[in-house]
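Presented below is the structure to which this report refers.
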Amino acid sequence: MKKIIIDCDPGIDDALALIFAIKSTKLNVIGITICAGNVPVELGAINAYKVLKLLGREDIPIYCGDNLPIKRELITAQDTHGIDGLGEILQEIELPENIIKGNAIDYILKTLNEDDQISIIALGPLTNLAKVVKQDSNVLNKAKKIISMGGAFQTNGNCSQVAEFNYWVDPESVNIVFENVKTPIHLIPLDVTRKIVLTPNYREYLKQMNNPISIFIYNITNFYVDFHWKQEKILGCVINDPLVIGYLLDETLCEGFLSHLECVEDGKAIGQSLIDVGGFYNRNNNVHINTKVNQKKFFELFFNTIFPENIKTNTIVLEGY
Ligand code: BDR
Ligand code: CA
């Protein structure tokens, strides 16, 4: 089993990624660290806990990072994910008092120093990872692999013409992290995640399956679907973060190339991820950017991992998505 720490800001699609990873028999989620992003950290922690409770996995520890990006105010995405971050399904659950087990930065530092077999899965702004680097500039190099959802290469952004949310929220952190890695970070940008659309057909299948996990996914994505219609005039919703888990499980889902990434910190293009395709600046390769994805293969893996009991029916549904 691959050991992973998931650094996230749940978030509807983060919640789906957590479900995907935790249900996988090939992954061992040893800890969840929360960064500020879609929602403030405390709300993110509550949402992560809701997912753990749904899956009966309250044993997985949750750690919280700081509530502010490294240099600026936090701008959340509650317009996209709902005021509660989980599509405003108003799911009331009993929260035990101590759902937060400690500080995210300390936890990541300690864990990476003790074990060189841990991969970091970053599904939100890179604030926590940048703070880790500030304390120990070499520690991220001890991670087995780092995969980040963020940036936009040859597609428009979702916060401005050019900027993707995670990198736009905290661009300075992006640069701190990318400048300090010796092994390229695997990037899952909007170019590939935009192809991962949970269509009305898939959602109907979730509804018909009628089990607690499928109904949870159906319900939390309802708000997301309305947002996507208003914003992008598409039917269904783009689920970005689960593609990172899919890629970790099967790298052949995506294709890309090595390059150098730098993030714009000021001005109109703030948050833009600049990829030096032409090698103009002769910098080191710090990113493996993915630009192609096999979405059908992704959804097969996604559904078959979360609902292994339905593999036969899933195959039928996946034929005609
Ligand atoms: C990213 O921003 C967030 O809203 C999503 O959770 C995802 O990580 C997509 O731009
Ligand atoms: Ca996220």
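The values are calculated or read from the model by the stated rules, or taken from the named source; none is laboratory data. Since the structure is predicted, the reported quantities are computational estimates derived from the model, not experimental observations. Heads up, the Cβs are rebuilt from the backbone with ideal geometry, glycines too, and the neighbour counts pull from every protein chain shown. What goes into the accessible areas is simple: the full protein's heavy atoms, side chains included, and nothing from ligands, DNA or RNA. Shrake-Rupley method; radii C 1.70, N 1.55, O 1.52, S 1.80 Å.
Summary table
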| read-out | value |
| --- | --- |
| Ile146 being within 16 Å of ligand 1 (Cβ to nearest atom), open to solvent by 10 Å² or more (accessible area, probe 1.4 Å) and either modelled with pLDDT under 95 or over 20 Å from Asp266 (Cα atoms) (or both) | yes |
| In the range 174-191, the residues that are within 12 Å of ligand 1 (Cβ to nearest atom) and either in contact with a Leu (Cβ under 6 Å, 6 or more places away or on another chain) or among the small types (Gly, Ala, Ser) (or both) | Ile188 |
| Qualifying positions in the range 20-63 - more than 16 Å from ligand 1 (Cβ to nearest atom), open to solvent by less than 50 Å² (accessible area, probe 1.4 Å), touching a Lys or Arg at 6+ places or on another chain (Cβ under 9 Å) and outside any loop (DSSP other than H, G, I, E, B) | Ile22, Leu27, Val29, Ile30, Gly31, Leu55, Ile62, Tyr63 |
| One residue from Phe257, Phe302 being out of contact with any Cys (no Cβ under 9 Å at 6 or more places or on another chain), outside any loop (DSSP other than H, G, I, E, B) and open to solvent by 50 Å² or more (accessible area, probe 1.4 Å) | Phe257 |
| Sole exception among (1) within 16 Å of ligand 1 (Cβ to nearest atom); (2) open to solvent by 10 Å² or more (accessible area, probe 1.4 Å); (3) not small (Gly, Ala, Ser) for Glu204, by number | (1) |
| Filter result for Ile289 (open to solvent by less than 70 Å² (accessible area, probe 1.4 Å), part of a loop (DSSP other than H, G, I, E, B) and touching a strand residue (DSSP E or B) at 6+ places or on another chain (Cβ under 8 Å)) | no |
| Ile89 closer than 30 Å to Lys230 by Cα, surrounded by 14 or more Cβ atoms within 10 Å (Cβ to Cβ), modelled with pLDDT under 95 and more than 16 Å from ligand 1 (Cβ to nearest atom) | yes |
| Inter-residue pairs, beta-carbon under 8 Å, first open to solvent by 10 Å² or more (accessible area, probe 1.4 Å) and within 12 Å of ligand 1 (Cβ to nearest atom) and in the range 162-173, second of a type in the set (D, E, K, R) and modelled with pLDDT of 95 or more, 6+ apart | none |
| Members of the range 260-286 that are in a strand (DSSP E or B), in contact (Cβ under 8 Å) with a residue 40 or more places away in the chain and open to solvent by 40 Å² or more (accessible area, probe 1.4 Å) | Glu262, Gln272 |
| The one condition in (1) closer than 30 Å to Val264 by Cβ; (2) open to solvent by less than 50 Å² (accessible area, probe 1.4 Å) that Gly102 fails to fulfil | (1) |
| Complete set of residues in the range 7-41 that are within 16 Å of ligand 2 (Cβ to nearest atom) and not hydrophobic (A, V, I, L, M, F, W, C) | Asp7, Asp9, Pro10, Gly11, Asp13, Asp14, Thr33, Gly37, Asn38, Pro40 |
